[in-house]
Amino acid sequence: SAEGSQVPLRTNGRLVRFVGRNRIRDSWLATILATVAFPMFLVKLVKARLARGSWRETLFQLFSWGSPTCQTRLLETTPGAVRFVCISDTHMMHERLAIPSGDVLVHTGDFTNHGSLAEVRQFATWFAQQPHRMKILVPGNHDMIMDSEYYSAFWADWSSVKEDPASALAAFDNPSVHVLIDKFIEVDGVRVFGSPWVPRYAPWQTAFNKVPAELQAHWASKVPGGIDVLLTHTPPNGILDRESTGVHCGCGHLASLLSTRPNPPRFHVFGHIHSDYGSEVRGATTFVNAASVSDYYSVGGRRPIVFDVVPNRQST
């Protein structure tokens, strides 16, 4: 019956339901906690500084104060290179970003705060309107309704009315927009694979969560070899994955897979961890954490990270 379809199957508990149904943002919670427990906030700030090289880096990663200390434009002069413009974790602040031109606009998840259909439709309209000839989206753990299996079980934690995951996916029905949920696409000879899954990181469960044992098998079976650009929501463990106090929170199984691949991706783009934005080269791969807001949900000096890919693994 219609009434029976409204009955939730699972819940994360009363506190999560209160936060979700009342649309209380993580940024508000972080600010309230910092104000109420100010001495603990100061301890956290000192730990963050000890985990990083300077106060400039610390203040940028936690609050988006100042300008990035990393390269944000990794460009080629080779003719035929495909330009990727990367953003992530916009949390409904997408209109505050200055988006540069390019061939492909990439978003690696958490474009919403609570994964509601209204949020999805608002973002999808903006995303489709961007001038890049191709837009690629990989959802994140905040984008609840995009994970239909999760949403069917936990929808009542995030809404008083059950919404339709198919309608959320349909919001991206545009010839220039591609949603990658364990899918492959080729762009002018550049091979791209996208996957939204993250290690379950808290007592409560959000979208696209898997326990470590599940992720080990998932990455091994789903991520193809010979790709040029890998898009995930989670970072690999140990690479641009530091929480504010310096703890590494990325996926160890993903890191292990990439380190043992004979032909690893040339670029790996992700987000999820707001406090380690930047780019870093490890071996044959350039890693990009494109998180567009800080730990306290400020865009500030953050900007999209741009890189060029020469198709077919031509030498640069």
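Structure summary
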| read-out | value |
| --- | --- |
| Full-stretch length increase - Ser160, Met40 - with 0.36 nm per residue and alpha-carbon distance subtracted | 39.7 nm |
| FRET E, pair Arg23, Ile185, Förster distance 41 Å, beta-carbon r, rounded to 0.05 | 0.80 |
| Beta bridges by DSSP in segment 121-202, antiparallel share as percent, to the nearest 5 | 60 |
| Rough spin-label spacing in nm, given labels placed 7 Å along Cα→Cβ, for Arg96 and Ala284 | 4.0 |
| Candidates Ile145, Ile87, Ile32, ranked by Gaussian network fluctuation over the chain, Cα under 10 Å, top entry | Ile32 |
| Span from the segment 87-152 Cα centroid across to the segment 256-307 one, whole angstrom | 17 |
| Neighbourhood net charge (13 Å Cβ-Cβ; Lys/Arg +1, Asp/Glu -1) for Asn12 | +4 |
| Inter-site label distance for Ala128 and Ile32 at 7 Å from Cα along Cβ, in nm | 3.6 |
| In the chain, lysine pairs with alpha-carbon atoms under 28 angstrom apart (chain gap of 8 or more, or interchain) | 8 |
| Antiparallel %, DSSP beta bridges [both residues in the chain], to 5 | 35 |
| Most to least packed among 288-300, 256-268, 151-163, 98-110 [average Cβ atoms within 10 Å] | 288-300, 98-110, 151-163, 256-268 |
| Compactness index (Cα Rg / 2.2 N^0.38 Å), segment 160-316 | 1.08 |
| Per principal axis, descending, Cα span of segment 109-228 in whole Å | 44, 38, 19 |
| DSSP beta bridges in segment 152-242 [antiparallel fraction, %, rounded to 5] | 45 |
| Amide proton proximity set for Gly115, modelled H, under 5 Å, gap of 5+ | Met144 |
| Reduced Cα scattering model of segment 69-123, Debye log10 I(q)/I(0), q = 0.29, 0.31 Å⁻¹ | -1.23, -1.30 |
| Within-14-Å neighbourhood charge of Cys70 [Cβ basis; K, R +1; D, E -1] | +4 |
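None of the figures in this text is laboratory data; all of them are computed from the coordinates on show. Bear in mind that the values here come from a model prediction, so they are computed numbers and not experimental data. When we count neighbours, we look across all protein chains shown, and the Cβ atoms used for this are built from the backbone with ideal geometry, even at glycine.
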